[in-house]
1. Taking the dipole about the Cα centre of the stretch 99-195, with the C-beta of Lys and Arg at +1 and of Asp and Glu at -1, give me whichever of VAL181, LEU120, TYR193 is farthest to the positive side.
2. Using only the alpha carbons of the stretch 210-286, what is the convex hull's orientation-averaged projected area in square nanometres?
3. Between GLN258 and LEU77, what FRET efficiency comes out of the Förster formula 1/(1 + (r/R0)^6) with R0 = 30 Å and r the beta carbon distance, rounded to 0.05?
4. Go ahead and estimate [θ] at 222 nm for the chain from helices alone: -39,500 (n - 2.57) per DSSP H run with n ≥ 4, summed, over the residue count, rounded to 500.
5. If I build a Gaussian network model for the chain, linking alpha-carbon pairs within less than 10 angstrom, which residue out of ARG133, ARG84, ARG237 has the largest mean-square fluctuation?
6. Taking the Cα centre of the stretch 125-214 as the origin, how large is its charge dipole in debye, to the nearest 20, when only Lys and Arg (+1) and Asp and Glu (-1) carry charge on their Cβ atoms?
7. What's the extension gain from VAL209 to ASN50 if we count 0.36 nm per residue and subtract their Cα-Cα distance?
8. Give me the distance in nm between label points sitting 7 Å out from Cα along the Cα-to-Cβ direction at ALA265 and SER218, one decimal.
Amino acid sequence: MRPFRFPCLFLLILTAFLPPAQARAPSGEHVAKLATLQSSAVVIVDPATNKVLYQKNPAAVMPIASLTKLMTALVVLDARQDLRQVLSVTRADVDRLKHSSSRLQVGTRLTRADMLHLALMSSENRAASALGRHYPGGTRQFVAAMNRKARALGMRHTRYVEPTGLSRHNVSTPGDLARLVVAAEKKPLIRRYSTDHRFVIRQGKARTVYGNTNRLTSSARWRIRMQKTGYISEAGRCMVLYAIVGKRPTVMVFLDAQGKFSHAADANRVRSWLARFGARVLARASNW
C-alpha cells in the first residue's frame with residue numbers, strides 16, 4: 001500500500017491550493033449561458049471600451065423594421081430643423097405598404113418635436129413619414145440623407161428606402177446597428193423621447209394617450225438610456241438598447257426574435273448574464 005500513499009497525499013495538498021470549482025466558470029460557460037436566446041442575430045457591445053461581449057450572426061443583413069426610426073431621428077436633428085414648426089399629417093403618410101393602422105389621424109397638426117416624440121416612443125409610422133416629407137427636398141432627399149449618415153457612421157451593410165421601417169428593404173446588420181445606437185444615444189432628445197412612458201396629444205377636441213412600445217422602460221430592474229423596438233413580418237421582433245448594466249454602459253441589438261415578448265426575454269437573459277459574468281467577459285472580449 002505504501003507506494004500509493006505519497007501520490008495521494010500530493011494530490012490532496014495540491015487540491016487544497018486550487019480555487020473552489022464554483023468560483024471558476026468552465027471554458028465556454030459564458031457563451032453557453034446565452035444558448036437559449038431566441039433572436040436570430042445578436043450583438044452585445046461595451047461602448048466604453050469598444051469590446052464585443054457577445055455576438056451571434058453579427059454580419060447578417062436583415063430587415064430592421066422600426067429600428068429605422070433611430071436614423072430618421074438622427075437626420076432630423078442633424079438638419080437642425082425648427083422643432084417648433086407645425087407639421088401636418090396627410091394622406092401621403094397613410095401606410096399603403098402594410099396597411100397598418102394608426103391613431104394619428106389625417107389632418108392632425110403637431111410640432112416637429114411632437115412628431116419626433118411619437119415616432120421614437122410609440123413607433124408612430126405616420127409621424128415618421130411626416131418628418132421625412134417635411135425635409136428640404138421631401139422624402140426622397142430625406143432617404144438620401146439617411147444613407148449618407150449611415151455611411152458616415154461606418155454602417156457599410158445598411159440601406160434605407162423610406163423613413164418608417166415598414167419596408168423590408170430597409171436592412172442592416174447587428175454590428176451596423178450597434179454603431180447607430182452609440183451615435184443616437186449622444187442626442188439628449190433621442191434619449192428622452194425614446195424612454196418616455198406616456199405622451200398625450202390633442203386631435204381636434206379629443207385627447208390621444210400614447211405609451212412606450214418597450215415594456216422594459218418601466219421596469220425597475222433596468223436603467224435604459226435609449227431604446228427602440230420594431231416589428232414587421234419579414235423582420236420579426238427587433239430591439240436595440242443602450243443600458244447601464246452593473247454600472248457599465250452596454251449596447252444590445254436583437255434582430256428577428258419570434259414571439260411577441262421574445263426580444264424582451266432575450267434582453268433580460270443578457271442582463272442577468274452580464275450581472276454574473278460581466279467583468280470576466282469584458283476581460284476576454286475582442287475589439288469591436
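1. Result: VAL181, furthest along the dipole toward the positive end.
2. Working: hull surface 23.3 nm².
Here the figure is 5.8 nm², rounded to one decimal.
3. On the way: r = 33 Å, r/R0 = 1.11.
Rounded to the nearest 0.05, the efficiency is 0.35.
4. Numbers: 9 runs with 107 residues, N = 288.
Helix-only estimate at 222 nm: -11500 deg cm²/dmol.
5. ARG84
6. Working: 18 positive and 4 negative charges, 45 e Å.
For this selection, approximately 220 debye.
7. Value of the extension gain: 53.4 nm.
8. Once both label points are built, they end up 2.1 nm from each other.
Only the coordinates and a few stated rules stand behind these numbers; no lab work does. Note that the structure is predicted; figures quoted are calculated from it, not measured. Using ideal geometry, Cβ is built from the backbone for each residue, glycine included, and neighbour counts are taken over all protein chains shown.
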